[in-house]
Structures are given as C-alpha cells and as structure tokens.
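Single-structure report; data block below.
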Amino acid sequence: MTNENALINFQINPKRVDKIKADIIEIGFGNGEYTVYLSKKFKDKKILGIEISGESANKLSKKIKKENIKNVLYIKLPAIIAFELFLEDNSVEAIFINFPDPWPKKRHQERRITTAEHLFLFAKKLKKEGFIQLKTDHSDFLDFSIQEAEKLKCFEIFLIENPKESTQTKYEKKWLEQGKKIFTVRFIKKSEPNELTSTSIPKIKKVNYMPKLKINEFLDFSELEGKTFKIEPNLVAKFFRAFQRKNEEWLIETLLVEDNYTHYFFTYLKKLPNDSFVLSVSNFSEVIKTEGVVKFIKWLSNIKEKNKEENKNYL
Ligand SMILES: C[S@@+](CC[C@H](N)C(=O)[O-])C[C@H]1O[C@@H](n2cnc3c(N)ncnc32)[C@H](O)[C@@H]1O
C-alpha cells in the first residue's frame, strides 16, 4: 500500500505519502472490530481505515498486531481530507460507514458524513459498480442520506434487510440492546456523479515537499506561546507550549487552520554549525504537506521583520 517509512504501527503518516492505494475503506472505524472483520472476509484486498480519534487508532493498531493482520492500514484524518488529498479517482471498490454520528439537529445537518458534497467525493473515488454501505439506527438520517445520494444521479440504491454479518460493532450492539431497528443501505456507483453547483469541501492544495528555511537570527519560540496570528484570511496559526529539546533544538506546539482543516504539529528550530538556524516542521509530526504549511513556515521565518514593521497582526 505504501512504503515502510510512512508507517508507525500500521498508521500512515500523511507527511510521507502522496497517494494511498486501497480497495476497501472503512470510515470512522471506532473500536476497529469491523475493520478486522473486513480484513478476514476480503483477505486479498487492501483495507484502509480512516478515523479522527487517536484512541480508536490505538485500539485498531493493537488488534492488527495481536491478530497478525497483513492487509490493513489506517490513517488518522477527517475522512473528507483523506479522500480529497490521498485517494485516486475510480480506484476504490467499497466504502463502509457504520453508525456515523447522525447530527440530528437541523442546524448541524451539513456536518453529516452523507451530504451530497461528501457523497460526491466518495463517488468520484469509487470504481464503477463500487459501493458505499451505510449502517444506521436513525431513520431520519437514513432518509436524508438517500435523498442526498439521489441528487448525484449516479447510484443504484438498495436497502438491505437484516444483512447477515458475523460481527457487530460497538454501536450496533448498543442499539440492538436498546431494541432499535438497524438500517443498511448500499449506494452502488453506476456512472460519474452529477457536478454540484457549490461545494464547501476545503480547497486545500497539496505540495510535494516540506518546507525547511534557513534564518539568520534566533527565533525565541517562548515569545509566541499562547498567541494567534492571522497569516491570510484562510490561514490562522495558534501557538501553545514551547520547549527546548536538546541544547540547540527548539519546538513549539502549533495549530494551523487552513481553510476548514486544522493541522496540528510541532514547529522545529535547529541551530546550524555556522550560527544560522533552520526552521521546519518537526520530523515526528504527522502533517499533510500543503501550501498552507509552506506559507506558514515562510511567514514564521519573517516574523521578526514583520513585527518590527507592523507589530499589529495579533488576533
Ligand atoms: C458513533 S462512532 C461509530 C464507531 C463504529 N463505526 C461503530 O459502529 O461502533 C463514529 C466514529 O466516527 C469517527 N469519526 C467522526 N467523524 C469522522 C470523520 N470526519 N472522519 C473519520 N472518522 C470520523 C469518530 O471518531 C467515531 O469513532
């Protein structure tokens, strides 16, 4: 699926890969029991789990190790970002989504994983005859998902009554114990999806290098702690703890909001033998290589000059 360097305990480091090849994807795998089930059912397929929760990622990692599973990798990113930036069009055979948050309040509907915009992105990545399988206990969410899928005019839609599966996820067990009915729906891709007139999916641009900039003066990270800067209208940096790692290496915890996506990483400063410094993103941060990260490092390399001139771009 990807080279060894890009992996830490089966987790793909987005900084070290440009594209991910996967036949079957599970979005929001929670405890990972369904991912393990998929790996056994489809032994010859490459399975990719996508999760935002670090705790879930650790649970899956332990299961993969314990059961010596060879065909599963996972990535810790919001599904939309992983699909948008790392998957090729027309490459995926199946996408499983089990019991996603139904976001029942009307004002939260655009957060649902099955908006037409999100389904459009998933449909683009599916091969023809590939499918999305969605399980939910929430009938409003099911109806919403079907209506959104119909807008794209590319799917054949099937409701599956009581699918026979030999595993149940944590949430499936929970809802069954409460006597709830479970709905399973399959959206099978028959053609390319209709283009949507507007989309709020972040337009993040990937680049294929990580910025490393030489600066001549020391940059005292401790002076940045707790500060927020608006670099551009859609690029905001916020700094947290700063510390010295070794004698001549410094780190600062950084949140960078690029469009709707939040990067979290350590910015790194190292003294060079010739008394200059190099500024970059720390090697052990799992950050996506994007235009925003490049702009951030360039901006930070100039911050002293900028502050001398303006001293007013604090938020
Ligand atoms: C209600 S739980 C269901 C977990 C599991 N599928 C199950 O059936 O037990 C929803 C899961 O989706 C994950 N999640 C939420 N938003 C996500 C996103 N944008 N991308 C990937 N995973 C997400 C959450 O961290 C959580 O583990």
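Of note:
- Within the option set V257, V287, V278, V185, being assigned by TED's automatic domain parsing to the domain that holds K128 and not in a helix (DSSP H, G or I) holds for one residue only, V185.
- Lone qualifier among K21, K70 - being under 29 Å from V207 (Cα atoms), away from the ligand (no atom under 16 Å from the Cβ) and either surrounded by fewer than 19 Cβ atoms within 10 Å (Cβ to Cβ) or without any contact (Cβ under 8 Å) to a residue 12 or more places away in the chain (or both): K21
- Scanning the range 121-154 for residues that are within 25 Å of K59 (Cα to Cα) and assigned to a strand (DSSP E or B) turns up I132, Q133, L134, K135, T136.
- E232 falls short on exactly one of the conditions (1) in contact (Cβ under 8 Å) with a residue 60 or more places away in the chain; (2) touching a strand residue (DSSP E or B) at 6+ places or on another chain (Cβ under 7 Å), and that condition is (2).
- Criterion violated by S56 - all others in (1) more than 24 Å from F99 (Cα to Cα); (2) touching a residue at least 24 places away in the same chain (Cβ under 8 Å) satisfied: (1)
- Evaluating I157 against the criteria (1) surrounded by fewer than 17 Cβ atoms within 10 Å (Cβ to Cβ); (2) modelled with pLDDT of 95 or more; (3) assigned to a helix (DSSP H, G or I) leaves one unmet condition, (3).
- Of the residues L272, L255, L213, the single one that is among the hydrophobic types (A, V, I, L, M, F, W, C), in contact (Cβ under 8 Å) with a residue 24 or more places away in the chain and surrounded by 13 or more Cβ atoms within 10 Å (Cβ to Cβ) is L213.
The values are calculated or read from the model by the stated rules, or taken from the named source; none is laboratory data. If you're wondering where the values come from, they're calculated on a predicted model, not measured in any experiment. Ideal geometry is used to build each Cβ from the backbone, glycine not excepted, and the neighbour counts take in all protein chains shown.
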